[in-house]
Amino acid sequence: SLFFIPYELNNIRQAIAMGLFVFAIPYFFSKKSLIVIMVTVLASLFHSSGFLIFVSYVFYLVAKKIKKWFYLFSFFCALLIYKLGFGSLVLFNYTSVNRDVYTNEFNESTSFFQILIRTILVLFIMFFSINVEKNNKIILNLFNVYWFGYLLYLIFMDNNMISTRFNMFFRILEIVLIPLIVASYNLRFNKNSIYVLFLIPCFILFYSSSVFIDNIYEFFWE
């Protein structure tokens with residue numbers, strides 16, 4: 001409700017594509033490529049970001065080869081690409097994204113506080129994804145897809161609107177990742193403890209979003 005009500009049509013179209021992204025996740029696990037492609041095509045009919053579903057699927061398939069040093073290496077690579085401006089160069093010159101809209105109307109950069117909060121949450125989820133009980137490869141591979149979204153967030157953080165679009169698309173994986181992490185622990189005490197640890201930051205984020213002026217919708221009754 002917080003997402004749909006105040007947002008304009010373009011954001012709702014991306015929200016539908018994001019929902020189809022979640023729908024496709026079980027087919028990532030079973031490696032049913034044809035269904036993933038079909039869902040990608042369907043999602044792309046609603047919003048161009050739908051193509052990220054297939055990109056994420058490819059990343060998921062190769063994620064099992066990723067080593068721990070890759071996270072630090074890719075983090076600095078993303079910062080370098082951001083600093084050199086390669087991300088915006090490719091996005092504006094080789095895609096249908098309207099340069100004027102994102103350089104004139106929506107040209108605000110991402111604040112340090114926004115980056116800090118985002119990074120803390122990513123590191124929090126990373127810790128449990130890497131150290132999950134039974135060394136669950138599905139969780140780790142899915143986190144790597146989530147990490148890919150974070151890298152895109154860093155690459156385009158000079159334009160908050162673009163980085164937010166990528167951020168929203170991949171952050172929806174949290175509703176899959178967090179339950180999988182909690183469910184992977186055998187002991188009830190561990191499950192409850194991990195659940196509470198995730199509940200606290202998630203509630204803070206939810207509350208901060210609910211009081212944000214753009215998310216306050218007044219109902220008028222006749």
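Structural remarks
- With all protein chains in place and ligands, DNA and RNA left out, the 1.4 Å accessible area ranks Trp69, Trp147 as Trp69, Trp147, largest first.
- Computed accessible area, Leu45, all protein chains, 1.4 angstrom probe, square angstrom: 140 Å²
- Taking Phe169, Phe23, Phe54 and ordering them by how much accessible surface each has at a 1.4 Å probe, largest first, produces Phe23, Phe54, Phe169.
- Segment Ile115-Asp158, extension gain: residue separation times 0.36 nm, minus the distance between their alpha carbons: 14.4 nm
- Using alpha carbons only, the radius of gyration of the range 109-196 set against its Kirkwood radius gives Rg/Rh = 1.03.
The values are calculated or read from the model by the stated rules, or taken from the named source; none is laboratory data. Computed from a predicted structure; not experimentally measured. Calculation scope for accessible area: heavy atoms of the full protein, side chains included, ligands and nucleic acids excluded. Shrake-Rupley method; radii C 1.70, N 1.55, O 1.52, S 1.80 Å.
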